[in-house]
Amino acid sequence: MLDLAGTSSVVTGGASGLGEASARLLAERGARVVLVDLNDDKGVKVAGDIGGTYIRADVSDTEQVVEAIKAAESLGPLRTLVTAAGIGWASRTVGRDGTFESAHDLGAFQRVLQVNLVGTFNCIRLAATAMSRLDALDEDGAKGAIVTLSSVAAFDGQIGQAAYSASKGGIVGMTLPVARDLAAVGVRLNCVAPGLFDTPIYGEGPASEAFKESLKRDVVFPKRLGHASELATMILELLTNSYANGEVVRVDGAARLQPK
């Protein structure tokens with residue numbers, strides 16, 4: 001069992017939603033958390049709430065991620081990373097008018113992959129490098145653990161989710177090979193694939209609430225959207241359970257998404 005007390009952790013996308021819930025739980029368990037995000041107001045507030053540090057950084061920018069890792073190392077040995085940063089984009093692959101111009105915007109497709117997939121790998125490779133320099137914690141040679149966030153869209157991508165599903169499918173696909181890579185330096189890597197969770201991504205107000213109500217149709221049980229804290233506890237388990245490695249875990253109330 002990985003003891004988080006006295007260690008540091010980096011949580012990308014930690015200013016809100018699933019990242020925030022994870023950061024708060026890690027802090028409760030004794031980690032000093034560095035939040036990496038682009039939402040300054042929320043990032044500063046959450047960091048203040050949990051006694052952590054907020055760093056403004058683009059996860060696909062190597063220099064900015066290195067600065068966040070160095071900030072974490074100044075707080076304690078970096079033992080854990082959670083990659084919750086991500087963006088979405090909805091567009092059909094082919095437009096309705098049959099013109100080349102109306103086809104899915106290629107720049108948007110590349111941007112989603114750059115943030116969600118390349119950004120995730122960038123954080124993994126840099127954080128794991130920092131972890132590799134630490135002393136082992138036990139006779140197994142354990143030095144740290146990483147949890148990435150994919151999505152059920154990696155498996156059940158809906159109409160218009162080509163870019164998002166490709167990026168999240170890439171995160172799933174690299175889980176085992178990267179876990180095998182990191183075994184050489186004593187770092188475990190697992191992935192969670194959340195389903196439909198009640199986060200700020202859906203907005204606020206009556207229209208937002210009505211939309212969230214409609215999303216429940218695909219959830220088997222419990223018949224509701226997930227709470228961010230319910231994903232955070234799974235992330236914590238995968239970080240601290242010393243035998244969990246190379247796994248992708250769906251947390252989705254048995255939901256299987258329909259085409260639209």
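Coordinate-derived values only; no laboratory data. Keep in mind that this is a model prediction, so the values were computed, not measured. Ideal geometry is used to build each Cβ from the backbone, glycine not excepted, and the neighbour counts take in all protein chains shown.
Brief remarks on what is shown
- Estimated distance in nm for a label pair at Arg111 and Val185, the labels positioned 7 Å out from Cα along Cα-to-Cβ: 3.1 nm
- Within the chain, antiparallel bridges make up roughly 0 percent of the DSSP beta bridges whose residues both belong there.
- Other residues with beta-carbon under 12 Å from the beta-carbon of Ala232 carry, at +1 per Lys or Arg and -1 per Asp or Glu, a net charge of -2.
- Inter-probe distance in nm under a simple model that places probes 7 Å from Cα toward Cβ, at His104 and Glu63: 3.3 nm
- Take the Kirkwood radius over Cα pairs of the chain, plug it into Stokes-Einstein at 4 °C and 1.567 mPa s, and you get 69 µm²/s for translational diffusion.
- Neighbourhood charge, 10 Å Cβ-Cβ cut-off, centred on Gly13 and excluding it, Lys, Arg +1 and Asp, Glu -1: -2
- Whole-Hz ³J(HN,Hα) from phi, Karplus 6.51 cos²θ - 1.76 cosθ + 1.60, for segment 97-114, glycine and proline x: 8, x, 8, 4, 5, 8, 5, 3, 5, 5, x, 5, 4, 5, 5, 4, 5, 5
- Cross-link table Lys70/Lys143; Lys45/Lys212; Lys168/Lys223; Lys212/Lys260, entries beyond 21 Å C-alpha to C-alpha: Lys45/Lys212; Lys168/Lys223
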